[in-house]
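This report refers to the structure that appears directly beneath it.
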Amino acid sequence: PADVPALLQAVDGVLLTGSPANVHPSHYGQAVANPALPLDPARDAQTFALIRGALAAGVPILGICRGFQEMNVALGGSLHQAVHQAGTFADHREDERLPLARQYALAHPVRFAPGTAMAAWAGGETAMVNSLHGQGIKTLAKGLEPLAHAEDGLIEAIHAPALSPFLLAVQWHPEWKASENSHSIKIFEAFGDACRARLSGV
């Protein structure tokens with residue numbers, strides 16, 4: 001984490017990927033509910049520093065799955081440690097017994113906030129996404145705004161127009177066969193445009 005300021009001077013954007021590991025619940029004031037699930041405190045420390053540093057420096061950030069959850073926790077929000085046990089939500093986990101192509105297949109629709117870029121990229125109010133996560137946003141961090149919800153009400157995409165020129169995160173995995181999905185292409189094009197704008201000093 002101490003290297004983050006220097007690292008951010010050398011990049012035009014930050015991409016926070018997914019991971020099998022979960023954000024440690026101590027970061028949002030909870031005890032570990034299921035010790036069998038993987039955690040990664042070293043990644044927590046690094047990514048929280050990256051998120052806060054990137055926001056302070058105006059570096060574009062794109063978060064995917066765990067990256068989406070990290071953004072919320074880094075900025076003061078909390079998570080459901082087990083969405084399917086929260087009482088009102090569906091089970092958003094993948095079936096790990098299936099081949100990867102089935103695990104990453106489109107699983108459920110999300111509804112976009114009207115008038116947003118996300119909705120424009122989808123060409124409508126909804127799009128189908130994959131679903132490979134056990135945790136999800138419980139309390140949204142101050143400064144973040146929801147861009148999309150699943151049918152059960154779970155937040156699936158966020159941005160922070162008041163905090164950053166470009167901060168976007170999604171709970172699903174748009175990188176899976178992205179070239180075959182027009183909405184995924186738009187997400188990565190927008191991130192690329194933001195990175196090029198920073199590079200050119202716009």
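Taking 0.36 nm per residue of separation and subtracting the Cα-Cα distance, what length does fully extending E151 through A117 add?
Working: separation 34, 0.36 × 34 = 12.24 nm, distance 1.98 nm.
Difference between extended and current length: 10.3 nm.
Quick check: with the 1.4 Å probe, what order do F112, F89 take by accessible area, largest first?
Values: F112 10, F89 45 Å².
These residues rank, largest area first, as F89, F112.
Scanning residues 5 or more positions from I61 or on other chains, those with amide H under 5 Å from its amide H are V14, F166, L167, L168, with H placed 1.01 Å from N in the peptide plane. A simple spin-label model places the labels of D95 and L39 3.1 nm from each other, with each point 7 Å out along Cα-to-Cβ. Under the convention that each Lys and Arg Cβ holds +1 and each Asp and Glu Cβ holds -1, the size of the dipole of segment 57-202 around its Cα centre is about 280 debye. Here K138 is the anchor, and the aspartates and glutamates within straight C-alpha reach of less than 17 Å, apart from those fewer than 8 places off in the same chain, are E70, D91, E151, D152, E156.
Centre-to-centre separation between the Cα atoms of segment 1-66 and those of segment 73-144: 18 Å. Each Lys and Arg Cβ is given +1 and each Asp and Glu Cβ -1; about its Cα centre, segment 5-138 then shows a dipole of about 100 debye.
Of the heavy-atom accessible surface of the chain (probe 1.4 angstrom), what whole percent is carbon and sulfur?
55
The values are calculated or read from the model by the stated rules, or taken from the named source; none is laboratory data. Computed from a prediction, not measured in an experiment: that's the story for all the values here. Positions of Cβ are backbone-derived with ideal geometry, glycine not excepted, and every protein chain shown enters the neighbour counts. These area figures cover heavy atoms from the full protein model, side chains too; ligands, DNA and RNA do not enter into them. Shrake-Rupley method; radii C 1.70, N 1.55, O 1.52, S 1.80 Å.
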